[in-house]
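K.L.:
First, the structure itself, so that you have it in front of you.
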Amino acid sequence: MPSKFPSKKPEGQLTRGKTASNRLRRVDNFILLYEPSLLTRTDNGFSDSLFVDLGYGFDARTTLESALRFRRVNPSLKIIGVEIDAERVAAALPYSDDKTFFRLGGFNLPLKEGETVRLIRAFNVLRQYEEKDFIPAYERLAQYVLPGGLMIEGTSDPFGRIWSANIARRMDNGSWRMEALVFSTNFRSGFDAEEFQTILPKNYIHHVLPGETIYDFFTAWKRAAAETTSVKVYGLRPWFEASAQALARNGYSINLQKRFLNRGWLIWYLGK
């Protein structure tokens, strides 16, 4: 395995860096509901491990917003905002403190000796890359995450109203297990399963084609939404939930807990 600290030169490409306040609020709230213990656990090296906000953009707001949310459950949580652009890092440095850091880096995370990672959030980063770059980026990032840790990586619309993301779990053998594909909506633009096709993660977005698994999934979801459209009279949330239940009846491994569906999160577990 390559060293964690082979080069100080950031690996990756500069992103546009534009964002909006609270664009990733629903991403953070999802993590807080999906696995809050990930932010508080202290076993197996987790006691001092970090949350990494990879590619935070032209200013520090997404990292600082996450710090406020996550430290409600773990006040001592250390957080690193990582950017590949030196000017963006310099602009964020005044907001750093003894638990909040901003460092120049890319997929080769700028960790110091002894630092480990419990969670990586990488949003609107890989969307600009070629599909061939997806696996190498994931493999690089896996080197830094503790076994049992997570990466949530995906794409949102400009205001975070809808997004989709991979949930990847770091395994003991050093690889990722793709645990789930998550779809999120706040219902402000209605509910249309097809809308998620435009913001799929890089490993799916070019595969919504006949014969592909993701194509079959969307075909089934759109059919499920059509079959349950009568529920729409009770509101978008009940309709969203009914479509998820119909998907599950058709053999898809969907989390049917109301605490997720009522909030606009559809979780499709992979490999089940």
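The values are calculated or read from the model by the stated rules, or taken from the named source; none is laboratory data. Bear in mind the structure is a predicted one, so any value in this text is a computation, not a measurement. Backbone-built Cβ (ideal geometry, glycine too); neighbour counts: all protein chains shown.
K.L.:
Pull up the range 208-233, narrow it to residues that are in contact with a Phe, Trp or Tyr (Cβ under 7 Å, 6 or more places away or on another chain) and not in a helix (DSSP H, G or I), then point me to the one that is farthest from Ile254 (Cα to Cα).
P.N.:
Looking at residues that are in contact with a Phe, Trp or Tyr (Cβ under 7 Å, 6 or more places away or on another chain) and not in a helix (DSSP H, G or I), I get Leu209.
K.L.:
On to the next question. Do any residues in the range 189-209 that are at pLDDT 95 or above have Cβ atoms under 6 Å from those of residues that are of a type in the set (Ser, Thr, Tyr) and surrounded by 16 or more Cβ atoms within 10 Å (Cβ to Cβ), where the two are at least six apart or on different chains, and which pairs are they?
P.N.:
Phe196/Ser164; Ile199/Thr155; Ile199/Ser164; Leu200/Ser164
K.L.:
Let me ask you something else. Of the residues in the range 93-108, how many are in contact (Cβ under 8 Å) with a residue 12 or more places away in the chain and either basic (Lys, Arg) or out of contact with any helix residue (DSSP H, G or I) (no Cβ under 7 Å at 6 or more places or on another chain) (or both)?
P.N.:
Step one: filter the range 93-108 for residues in contact (Cβ under 8 Å) with a residue 12 or more places away in the chain, giving 95, 99-108.
Narrowing further to those that are either basic (Lys, Arg) or out of contact with any helix residue (DSSP H, G or I) (no Cβ under 7 Å at 6 or more places or on another chain) (or both): 99, 101, 103, 105-106.
The number of residues fulfilling the criteria is 5.
K.L.:
Next question. State which residue pairs qualify: first residue without any contact (Cβ under 8 Å) to a residue 40 or more places away in the chain and inside the range 58-76, second residue crowded, with 18+ Cβ neighbours inside 10 Å and not in a helix (DSSP H, G or I) in any location, beta carbons under 6 Å apart, and separation of 6 or more residues or different chains.
P.N.:
Between residues of the range 58-76 that are without any contact (Cβ under 8 Å) to a residue 40 or more places away in the chain and residues that are crowded, with 18+ Cβ neighbours inside 10 Å and not in a helix (DSSP H, G or I), the close pairs are Thr63/Asp53; Thr63/Tyr56; Thr63/Gly81; Ala67/Ile79; Ala67/Thr100; Arg71/Leu77.
K.L.:
Checking the conditions here, which among Asp216, Asp192 is among the acidic types (Asp, Glu) and within 30 Å of Pro136 (Cα to Cα)?
P.N.:
Details: Asp192 fails: within 30 Å of Pro136 (Cα to Cα).
Answer to the selection: Asp216.
K.L.:
If a residue has to be surrounded by 13 or more Cβ atoms within 10 Å (Cβ to Cβ) and either β-branched (Val, Ile, Thr) or out of contact with any Pro (no Cβ under 8 Å at 6 or more places or on another chain) (or both) to count, how many in the range 95-106 make the cut? Walk me through how you get there before you give the answer.
P.N.:
The initial filter retains those residues of the range 95-106 that are surrounded by 13 or more Cβ atoms within 10 Å (Cβ to Cβ), namely 95-96, 99-106.
Then drop every residue that is not either β-branched (Val, Ile, Thr) or out of contact with any Pro (no Cβ under 8 Å at 6 or more places or on another chain) (or both), which leaves 95-96, 99-102.
Number satisfying all stated conditions: 6.
K.L.:
Still on this structure, please answer the following. Identify, please: which residue in the range 240-270 is over 17 Å from the mean Cα position of the chain (by Cα) and small (Gly, Ala, Ser) and is, among those, nearest to Met178 (Cα to Cα)?
P.N.:
It comes out as Ser253.
K.L.:
Out of the residues in the range 229-266 that are in contact with a helix residue (DSSP H, G or I) (Cβ under 6 Å, 6 or more places away or on another chain) and among the β-branched types (Val, Ile, Thr), which is surrounded by the fewest Cβ atoms within 10 Å (Cβ to Cβ)?
P.N.:
Ranking the candidates gives Val231 first.
K.L.:
So which of Asn22, Asn74 ends up being in a loop (DSSP other than H, G, I, E, B), touching a helix residue (DSSP H, G or I) at 6+ places or on another chain (Cβ under 7 Å) and at pLDDT 95 or above? Reasoning before the result, please.
P.N.:
Details: Asn22 fails: at pLDDT 95 or above.
When all the criteria are applied, what remains is Asn74.
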